[in-house]
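Please read the structure below before turning to the comments.
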Amino acid sequence: MDTMSQDLNLVSEVTKMGIEECKIIELPRIVDSRGNLTFIENNKHIPFEIKRVYYLYDVPGGEKRGGHAHKNLQQLLIAASGSFDVIVDDGYNKKRFHLNRSYYGLYIPTMIWREMDNFSSGSVCLVLASDFYSEDDYIRDYEEFLKEVRV
Ligand code: TYD
């Protein structure tokens, strides 16, 4: 069983609301000897309308990204190239996902604290987001996040 399948099994065993909504979505894949192709269509392969796309790249070895939650934003994170880990946290439980395939996306709903580390050299983290950038949507203080989710 590969790491991704183990993650899927572990997620399905968690019963509390929140972190179990973070799930791996397998995206369509056109396998071709000339090179593979994956596509994503609005509201069809992912549970939200895409309003923004951004990507992280040239991440130095040992560096971490994320370290925040979003009040209203939903996202799908894809290792478009290379690999990295995403740690999701609903204020009660944490789970580490290792993303290393271009046809898997990690869906992260609202109000989930996320951190990303273990970036491989040359990795690219492609992010599809349900809304435009707004700093007001971020919770960047972990204690504030805990207060919000532990009500
Ligand atoms: P941030 O979301 O904190 O990065 P990450 O979670 O990947 O570590 O964003 C880093 C900076 O980039 C921050 O100053 C906000 C800015 N930014 C934009 O201007 N537009 C965007 O769409 C994003 C995602 C970030």
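Of everything in the stretch 49-67 that's touching a strand residue (DSSP E or B) at 6+ places or on another chain (Cβ under 6 Å), open to solvent by 70 Å² or more (accessible area, probe 1.4 Å) and part of a loop (DSSP other than H, G, I, E, B), which residue is nearest to the ligand (Cβ to nearest atom)?
Lys64
Those residues that are at pLDDT 95 or above, among the acidic types (Asp, Glu) and either open to solvent by less than 50 Å² (accessible area, probe 1.4 Å) or assigned to a loop (DSSP other than H, G, I, E, B) (or both), I need them from the stretch 21-48; list them, please.
Of everything in the stretch 21-48, just one residue is at pLDDT 95 or above, among the acidic types (Asp, Glu) and either open to solvent by less than 50 Å² (accessible area, probe 1.4 Å) or assigned to a loop (DSSP other than H, G, I, E, B) (or both), namely Asp32.
Across the stretch 104-141, which residue is farthest from the ligand (Cβ to nearest atom) among those that are open to solvent by 70 Å² or more (accessible area, probe 1.4 Å) and more than 12 Å from the chain's Cα centre (by Cα)?
Of the residues in the stretch 104-141, the ones open to solvent by 70 Å² or more (accessible area, probe 1.4 Å) are 115, 118, 121, 132-133, 135-136, 140-141.
If we keep only those that are more than 12 Å from the chain's Cα centre (by Cα) too, we end up with 118, 121, 132-133, 135-136, 140-141.
On the way: Asn118: 14, Ser121: 18, Phe132: 8, Tyr133: 4, Glu135: 7, Asp136: 12, Arg140: 8, Asp141: 13 Å.
Among them, the one singled out is Ser121.
Residue by residue through the stretch 80-95, note down the ones that are open to solvent by 10 Å² or more (accessible area, probe 1.4 Å) and on the phi > 0 side of the Ramachandran plot.
Passing the criteria: only Gly82.
Mind listing whichever residues of the stretch 29-77 are among the basic types (Lys, Arg) and more than 16 Å from Tyr133 (Cα to Cα)?
Just the residues of the stretch 29-77 that are among the basic types (Lys, Arg), to begin with: 29, 34, 44, 51-52, 64-65, 71.
The answer is Arg29, Arg34, Lys44, Lys64, Arg65.
Scan Val127, Val88, Val149 and give me the residue that is touching a Cys at 6+ places or on another chain (Cβ under 6 Å) and in contact (Cβ under 8 Å) with a residue 40 or more places away in the chain. Let's see the steps before the verdict.
Working: Val127 fails: touching a Cys at 6+ places or on another chain (Cβ under 6 Å); Val149 fails: touching a Cys at 6+ places or on another chain (Cβ under 6 Å).
So the residue among Val127, Val88, Val149 that is touching a Cys at 6+ places or on another chain (Cβ under 6 Å) and in contact (Cβ under 8 Å) with a residue 40 or more places away in the chain is Val88.
Sort through His70, His98 and tell me the only one that's on the phi < 0 side of the Ramachandran plot, more than 11 Å from the ligand (Cβ to nearest atom) and modelled with pLDDT of 95 or more.
Of the residues listed, the single one that is on the phi < 0 side of the Ramachandran plot, more than 11 Å from the ligand (Cβ to nearest atom) and modelled with pLDDT of 95 or more is His98.
Look at Val149 and say whether it is β-branched (Val, Ile, Thr), open to solvent by less than 70 Å² (accessible area, probe 1.4 Å), on the phi < 0 side of the Ramachandran plot and within 12 Å of the ligand (Cβ to nearest atom). Give the steps one after another, and end with the answer.
Details: β-branched (Val, Ile, Thr): yes; open to solvent by less than 70 Å² (accessible area, probe 1.4 Å): yes; on the phi < 0 side of the Ramachandran plot: yes; within 12 Å of the ligand (Cβ to nearest atom): no.
For Val149, the condition - β-branched (Val, Ile, Thr), open to solvent by less than 70 Å² (accessible area, probe 1.4 Å), on the phi < 0 side of the Ramachandran plot and within 12 Å of the ligand (Cβ to nearest atom) - is not met.
The values are calculated or read from the model by the stated rules, or taken from the named source; none is laboratory data. None of the values given here were measured: they were computed from a predicted structure. We place every Cβ from the backbone using ideal geometry, glycine too, and count neighbours over all the protein chains shown. Keep in mind that these areas ignore ligands, DNA and RNA; they rest on the heavy atoms of the full protein, side chains included. Shrake-Rupley method; radii C 1.70, N 1.55, O 1.52, S 1.80 Å.
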